[in-house]
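Asker: I have a structure I would like to understand better, so I am pasting it below and will then ask my questions one at a time.
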């Protein structure tokens, strides 16, 4: 008997090699992408089996898109058995929101959008409050309220350990106390793939199925699986404020351009955050393979253009303790 | 010396630009051929571990410019700071814990589980080692084997890491002496034999200068073996050494519509094809694989560690916590076994204490019935002990409320490992590796209790009564129809076979059936052997309350 993997061609991926059929299965060795995929699917199934009311934190970015595909695979031929929760800070890019509404409708998923309307009504913004305080209100507080609103006891997040120092020591099942807070000094040890999902009333777990994926793995998977992503990731000429090395999106309402600063630049976003706090990078990468090529040669880390990570040393750990994910 | 280093550098640059000249399509294909090796490192601040990892990442071009810039002082890179800034984290009061790092070379992807040596050493080291294919043990060439070396090697051995690389570091400080290297290598090999580590590979290294880390050193002609990175790029993965036959712990039943009922899980060992005969455990019923479903389509073959959905030819009652396994050499069904336990809770492990135990996809109640010894990982001795404290390791005997479908840890990590969960604070209290299994045999079978309504099936009732009496159960056969009165007898341990004049479906009630809702048992059991019927009853009797297909398996 031959050892080919798929009997039926993969109609969904338009002739792309899919991660599970491209392998040299005759050697019973999975490549790294297939290994990561199998591990993530295992995590999704554990959570849905052990918790009453899971939800996926959907940030619209590339990692969320990959999480959605993995969730589809985990429960196929059944549907994704949990809703999505998007924490909308009110400062997300217009193209992100359009993509969110179109794509989640296409997949027939239940989407919950949660905003801290009170803080927004009081004029919360990063210039006025500083980024720490702004994130605290519009992201962390909104996230905790959104989770509490429907009594979610497990929340999938797309964070990866390779993104940032404090995330490198994060668990896959990350325990949160009744206030949604992370205690990095008192984390549950996590061995093999035996995840401890036991919690008390009011407590919850954040789950990170992409923990072991790197930025390059994510892009590779998007390429292999032909996964839709927000067009902001692709380079095209965009009007930007050009100030020193920074490309500041015009969409943010806070920084006014000086004469000559507004320029048409071929650029893209490497990670998607809020428009006031996310810079673009100059790039010609207008396809996924070109983005991968750019990444293979890039010399700066992924979150280097995320202002919020650089406020103070260890700022991510501080935010995470408060409940950020 | 400078010339030599320059040559090495030029070779690397040339090799890199060759790779970069390839069109992106070919580079993507090359990416797909890479597999993934996980390795653990542990050590204290002074043994050069951080420097070694820093070198490994830097020399294999895996560090971003902004990171290099942030650790460069006076034009010199601080390699130790590059990886974890451990000292900086301590000064800032930021938590130190197992940290995972990722890098890749043209041959492979790697995950490093980097564990600090001073805080929670055993807990962190065991955590990092639990998924590792290879462990790197650092030895200071000036000091040789220390207590911490033995501790590290011992934990690597207990956690079943098949290959240990002993990096004999700071060779520059012993003038690259071949005698020093040989002396340390010999004592490390003796240690490996004592700990039953299958393979230990000593490499002479100067992490600070990069000798034998990524590039082979020209300063130690007595050593003509591979560098550490070359080893990491070629050593086999741990899963390729797993001996067990096919096993699929059922994580979840996927039933989107009437015509599809699939068992979802990650294959922990072996391979499977449609048509293969399998065992459904713990019931022991046999069936055949109808299909292997994935999002991409049906597979003609699936193997570990793929996550799949398997459908069977027969309607078999299987749910979360059960297992589908090969007919040949299936896992053993056990409620009593011996395990090595690494204790991770501030509340000590004591004999008689009850915990929740998670094994594969099921969680059961477990009692520690015996503490045989505590292992002294620094002197490699076993001593008697009254309890296991935080970061202690010991040999215990555990009994579970319902059977595990288990293998020995050395045969299969996935089905030989377990965690113990504190029943009060839900913390992960211990990690266990099964060393010896006492199989559930007829002699040890506990008498079961329950109310079985068989309707008008006198032959079945008679056969069951006979079979049950042999097991020592207290059997009552009656035509009395008062369910609640009969359940009172069940609660004191009776097994009641209740008959009636109707040919109703066979139903089973347990002592906890407060709602009076019975478990229906499919009629084809009527014609099966009484042993099989009883196995099904036992399975139901041991199910957690509120059971459905996707019950969380906690049984409480």
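Please treat every number below as a calculation from the coordinates, not as lab data. Values in this document were obtained by computation on a predicted structure and should not be read as measured data. Glycine gets a Cβ as well: all are built from the backbone with ideal geometry, and neighbour counts include every protein chain shown.
Asker: Along Cα→Cβ, 7 Å out, is where each label goes; now give me the distance between the ones at residue A:256 and residue A:28 in nm to one decimal.
Answerer: It is 7.0 nm.
Asker: Show me the three semi-axes of the equivalent ellipsoid for the range A:231-307, from the C-alpha gyration tensor (sqrt of 5 times each eigenvalue), largest first, rounded to whole Å. Don't skip to the answer; put the middle values down first.
Answerer: Working: eigenvalues 90, 35, 23 Å².
Semi-axes, largest first: 21, 13, 11 Å.
Asker: Restricting things to alpha carbons, find the Rg to Rh ratio for the range B:127-214 using the Kirkwood radius for Rh.
Answerer: Values: Rg = 12.5 Å, Rh = 13.0 Å.
Ratio of gyration radius to Kirkwood radius: 0.96.
Asker: Something else: What fraction of the DSSP beta bridges in the protein assembly as shown is antiparallel, stated in percent and rounded to the nearest 5? Mind dumping the intermediate values first?
Answerer: Values: 109 of 158 bridges.
Bridges in the protein assembly as shown that DSSP calls antiparallel: roughly 70 percent.
Asker: Spin-label point model (7 Å from Cα, Cβ direction): what's the residue B:459 to residue B:517 distance in nm?
Answerer: The modelled label-to-label distance comes out at 3.4 nm.
Asker: I need the Kirkwood Rh of chain B: take the reciprocal of the average 1/r across all distinct C-alpha pairs and report it in angstrom.
Answerer: Details: mean 1/r = 0.0373 Å⁻¹.
Over chain B, the inverse of the mean reciprocal pair distance is 26.8 Å.
Asker: Let me ask something else. Evaluate 2.2 N^0.38 Å with N set to the residue count of the range B:276-360, then give the Cα radius of gyration divided by it.
Answerer: Details: Rg = 17.4 Å, N = 85, 2.2 N^0.38 = 11.9 Å.
That ratio works out to 1.47.
Asker: Starting from the coordinates of the alpha-carbon atoms of the range B:384-510, obtain the Kirkwood hydrodynamic radius over all distinct pairs and give the value in Å to one decimal. Each step should come with its number before you reach the end.
Answerer: Working: mean 1/r = 0.0550 Å⁻¹.
Across the range B:384-510, the inverse of the average 1/r is 18.2 Å.
Asker: Which of the peptides A:202-208, B:365-371, A:178-184 is most tightly packed, and how do the rest follow, going by the mean number of other Cβ atoms within 10 Å of each residue? Please report the intermediate quantities before stating the final value.
Answerer: Working: A:202-208: 21.6, B:365-371: 18.4, A:178-184: 15.9.
Those peptides, ordered most packed to least, come out A:202-208, B:365-371, A:178-184.
Asker: Would you please put A:227-237, A:82-92, B:375-385 in order of how densely packed they are, using the mean number of other Cβ atoms within 10 angstrom per residue and starting with the highest? Intermediate values should be presented prior to the final figure.
Answerer: On the way: A:227-237: 18.1, A:82-92: 21.3, B:375-385: 14.6.
Result, highest mean Cβ count within 10 Å first: A:82-92, A:227-237, B:375-385.
Asker: Now for a separate question. May I ask you to derive the FRET efficiency for residue A:149 and residue B:146 from their Cβ-Cβ distance with R0 = 60 Å, giving the value to the nearest 0.05?
Answerer: Numbers: r = 55 Å, r/R0 = 0.91.
For residue A:149 and residue B:146, the calculated efficiency is 0.65.
Asker: Quick one: helix B:2-21 against the long Cα principal axis of chain B, what's the angle to the nearest 10°, folded into 0 to 90?
Answerer: 50
Asker: Using only the alpha-carbon atoms of the range B:34-240 as identical scatterers, what base-10 log of I(q)/I(0) does the Debye formula give at q = 0.12, 0.16, 0.17 Å⁻¹?
Answerer: At q = 0.12, 0.16, 0.17 Å⁻¹ the computed log10 ratios are -0.56, -1.05, -1.21.
Asker: Continuing with the same structure: Translational D (Stokes-Einstein, µm²/s) of the range B:446-542 at 37 °C and 0.692 mPa s when Rh comes from the Kirkwood sum over C-alpha pairs?
Answerer: Working: Rh = 13.1 Å.
Estimated diffusion coefficient is 251 µm²/s.
Asker: Can you show me the helix-derived [θ] at 222 nm for the protein assembly as shown, built from DSSP H runs with n ≥ 4 at -39,500 (n - 2.57) apiece and divided by the number of residues, rounded to the nearest 500. Write out the running numbers ahead of the final one.
Answerer: Working: 24 runs with 240 residues, N = 881.
Taking each H run of at least 4 residues, the total per residue is -8000 deg cm²/dmol.
Asker: What fraction of the DSSP beta bridges in the range B:127-267 is antiparallel, stated in percent and rounded to the nearest 5? Spell out each step's value before the answer.
Answerer: On the way: 5 of 19 bridges.
So the antiparallel bridges in the range B:127-267 amount to around 25 percent.
Asker: P(r) tail for the protein assembly as shown, what percent of Cα pairs lie past 47 Å? Let's see the in-between values first.
Answerer: Numbers: 105760 of 387640 pairs.
The calculated P(r) of the protein assembly as shown puts 27 percent of pairs beyond 47 Å.
Asker: Okay, next question. Sorted by average packing, counted as other Cβ atoms within 10 angstrom per residue and highest first, what order do B:67-76, B:498-507, B:128-137 take? Please list the in-between numbers first.
Answerer: Values: B:67-76: 11.3, B:498-507: 14.8, B:128-137: 25.5.
With the highest mean Cβ count within 10 Å placed first, the list reads B:128-137, B:498-507, B:67-76.
Asker: Distance from the Cα centre of the range A:148-219 to that of the range B:198-270, in angstrom?
Answerer: Between the Cα centres of the range A:148-219 and the range B:198-270 lies a distance of 25 Å.
Asker: Hey, any idea what Rg/Rh is for the range A:76-166, computing Rh the Kirkwood way over Cα pairs? Intermediate results must be reported in sequence, preceding the final value.
Answerer: Working: Rg = 15.0 Å, Rh = 14.9 Å.
Reported Rg/Rh (Cα atoms, Kirkwood Rh): 1.00.
Asker: Here is a follow-up. If you take every DSSP beta bridge fully contained in chain B, what fraction is antiparallel? Give it as a percent rounded to 5. Could you put the intermediate results ahead of the total?
Answerer: Numbers: 89 of 126 bridges.
So the antiparallel bridges amount to about 70 percent of the total.
Asker: How large is log10 of I(q)/I(0) for the range B:217-320 at q = 0.12, 0.17, 0.21 Å⁻¹ when the intensity is taken from the Debye formula with one equal scatterer per alpha-carbon?
Answerer: Debye intensities relative to I(0), on a log10 scale: -0.49, -0.78, -1.10.
Asker: If you don't mind, another one. At what distance in nm do the modelled label points of residue B:216 and residue B:66 sit from each other, each positioned 7 Å from its Cα along Cα→Cβ?
Answerer: With each label placed 7 Å out from Cα toward Cβ, I get 3.9 nm.
Asker: Could you give the Stokes-Einstein D for the range A:118-232 in µm² per second, using the C-alpha Kirkwood radius, 25 °C, 0.890 mPa s? Can you show the working numbers first?
Answerer: Details: Rh = 16.4 Å.
It comes out at roughly 150 µm²/s.
Asker: Could I ask something else about it? If you count, for every residue in A:43-51, the Cβ atoms of partner chains within 10 Å of its Cβ, what is the mean?
Answerer: Working: counts 2, 4, 12, 5, 0, 4, 14, 11, 1.
So the per-residue partner count for this stretch is 6.
Asker: If you stretched the chain out fully between residue B:286 and residue B:474, how much longer would it get, using 0.36 nm times the residue separation minus the C-alpha to C-alpha distance? It would help to have the intermediate numbers written out before the result.
Answerer: On the way: separation 188, 0.36 × 188 = 67.68 nm, distance 2.97 nm.
The residue B:286-residue B:474 span can extend by a further 64.7 nm.
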